Structure formats: C-alpha cells, structure tokens
Amino acid sequence: MGTLPTQLPPDLLLSQVHSSPCLPDTEATFGISQLKDLFGEQQKFLDFFFTHLDYTQVHAFTRLCFHAKGSIFFSGVGKSGFVAQKISQTLVSTGTKAAFLNPTDALHGDIGIVGSHDVVVLLSKSGATEELLRLVPCARAKGAYLVGVTCLKGSNLGQVCDMHVYLPLERELCPFDLAPVTSTTIQMLFGDTVAIALMQAKNMTKEQYALNHPAGRIGKRLILKVQDVMRKGHEVPICRENDLMMEQLPELTSKGCGCLIVVDEDYHLLGTFTDGDLRRTLKSYGERIFHLTVGKICNRSPRSICPDAMAVDAMEKMEGPPSPVTFLPVVNGNGIVIGIITLHDLLSTGL
C-alpha cells in the first residue's frame, strides 16, 4: 500500500487554496481600492494629529529630556507599553539615557531604580490606565519628575503628573474605534521624533552613533580600522626580491592570501606578486620560471595602506582603479610592511 505525499506540488496546492469552500473570495469583497481607502483614512487621521499638535508642549518636553540629569524612564501598559519600549530603545541608541519601566514590576520592587534626578514618562491613550495611576505616587515619592502623554485632554493621568503632553487623536482607524492602531502610531511618531531632536541638539556625530551600534554594518564601517582586521606576523607572506620564484611557491600558496609581499632587508615594501602573476609568468616563460627571481617579475608599484586607515577605505581602495585587487600590504609611516589585509577578511567582518 503506497503512502500519501507529505507535500503537494505548488501548482496543485495553489489551485486547492483558491477553490477551498472554507476561504472566501477576498478579491470580490476586499480589493486594492478598499486598501487604498484605509490607508487614505489613516493618512487623514495622522494629518489631524500634525495639524492639532501643540508644539509648545512638545518643545517643553524635549527641553526637559535634554536637561535631565538622570535617566528617562518610559512606561505603559499593553500596546502603549510596547511603544514605550521602542521609544526608550531609540533614545538610548541616539545618545540619551533611557529605559523601559514595567509598571507592574515597578510596583513590586523595580521602582527602586528610579531616583530624584530621573524623569518618568507615562504613555496612555485614555489617561485612565489603572496601573499607571497607581505608579504615580510611588514615582513621586522617589522624587522623579512625572510626564503624562495621553490622547485625551483633561485626563486623570495628565492632571496628576507634573507635565502633560496631549497627542491629538481624531479616532482609531478600527471601524469600531477600539483597536489602538492610530493612537500607537502617533505615540511612536511623537517619541521617535523627540529622540531625533535630542540627537541633533546634542550634535551627535556619525562616529558617536556608530559606537552605540558596534555590531551593525554602519558601526563596523565607522569603527573598524585596518589594524583591527589585518593579518600580521607569520600570517604575512613575505619574501625577498632575490629569492627564486620556485622556492617561494610554498609561501605563495600556504598563507591563503594569494600573493607574496616583496621586501628588502629592513622590510621596506618593494613590490607584490600574485597567483595571477604566476599564471601569466608560466605562460610567458614556461620552464624558465625556475631561474627567475621574484624581484624580476613582481609588481614594483603596488597599492598599500596604513594601519590607521578605516577598513571600509581599504575595501574601496581594493576596488578602485586601475583594476580591482584582493589584498593590500599594510605599511607604517616609514614604508615598512607590518601586515596584510585581504578582501576576504574585510567581507568576513560584515562590511
């Protein structure tokens, strides 16, 4: 008795999905035009937010965060809690001391992290979130400055905090005006925009930003230097110009760099010789290659780079004219070879 296939062919599977009686024909009831209408509505609600936002309040909040001597804690419940986490992470990555404070955990010990120089920002659409209202007297007892950020004027939370920021909300995109999809969007817009305002006010440089993102591509491109990536010591395929080519074949192949770096007795760079040069030399000289010295057939005008150069600059130099290369000798200010950097090494760092 045969067994049933564990997976249907893609074309058969697709035809069964379209013909399934359990799935409605969504194209007939909900098409592109309906989606465009929804996005248009969301845009209208966001326009309402931008039109009615009180920038005086936003400016006061931004100045408060800029001059804060301690940390800025963001707190919220549910979807607003996730937004509070995102805003705090954006602030940290752009140079402002911030953290997320879980309101429930805060009431059970985590409030101990809050001090008199800190700011506690409470995000709530309605301003009536019970957990946040319970947190207010506890944070105030610690001496923190309290900010309520709500979508309702005259909310309970706004009245009991030291500062209130009103985020104008016409209504939620949800047809029942219940699911928090527009309110959370404007919360995120508010928090992330303030984060960038603080970033600019502090004159944060790309290098400072990169220090906060060392594992990311932008961080590596702005932080890694040639000396951090280069091979050195016995890893460098070194030879002298009077060495016979055939005697240096083990050095050419064993170091995995695809080249030889030709130096004088004091390790000054004289030239380079690649495995590509070897193939061309064999084609031109044949058996006479056994009698050739490396100095006779090496490239006497090689590109090189200094150890303090950025790794990304080394990559650009390899890819530049007159033709791409896969390595660069690394030389100090006196022209002495101290290492080698290869394209493979650069790519392996994630640049």
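Points to keep in mind about this one:
- Listed peptides 288-301, 84-97 by packing density, highest first (mean Cβ within 10 Å): 84-97, 288-301
- Spread over its residues, the convex hull of the C-alpha atoms of region 38-204 is 105 Å³ per residue.
- Pairs from K97/K220; K79/K202; K86/K225 whose Cα-Cα separation, in the structure shown, is over 28 Å: K79/K202; K86/K225
- Dipole of the chain, positive direction: furthest Cα of L278, A179, T205, with charges on the beta-carbon: T205
- A simple charge model with +1 on the Cβ of Lys and Arg, -1 on the Cβ of Asp and Glu and nothing else charged puts the dipole of region 48-183 at about 280 debye relative to its Cα centre.
- A simple charge model with +1 on the Cβ of Lys and Arg, -1 on the Cβ of Asp and Glu and nothing else charged puts the dipole of the chain at about 620 debye relative to its Cα centre.
- Mean shadow area of the chain over all directions, Cα convex hull, nm²: 33.4 nm²
- Scalar couplings 3J(HN,Hα) for region 110-115, obtained by applying the Karplus form with A = 6.51, B = -1.76, C = 1.60 to θ = phi - 60°, are 6, 5, x, 7, 7, x Hz; x denotes Gly and Pro.
- Here the contact order of region 38-204, divided by its residue count and restricted to Cα pairs under 8 Å and six or more residues apart, works out to 26 percent.
- Qualifying chymotrypsin sites (Phe, Trp or Tyr not before Pro) in region 27-122, where qualification requires a DSSP coil assignment and no more than 12 other C-beta atoms within 10 Å, comprise F30.
- Averaging the Cα positions of each part gives two centres, and for region 216-268 and region 298-351 these lie 10 Å apart.
- Across the chain, Cα pairs under 8 Å and at least six residues apart give a relative contact order of 12 percent.
- Taking the number of Cβ atoms within 10 Å of each Cβ as an exposure proxy, the fewest-first ranking of I336, I186, I341 is I336, I186, I341.
- Cα centre as origin, Lys/Arg/Asp/Glu Cβ charges: region 226-348 dipole, Debye: 420 debye
- Kirkwood Rh and Cα Rg combined as Rg over Rh, evaluated for region 174-316: 1.35
No value in this document is a laboratory result; all are computed from the given coordinates. Note that this is a predicted model, so its numbers are computed, not measured. Every residue, glycine as well, gets a Cβ built from its backbone with ideal geometry; the counts of neighbours run over all protein chains shown.
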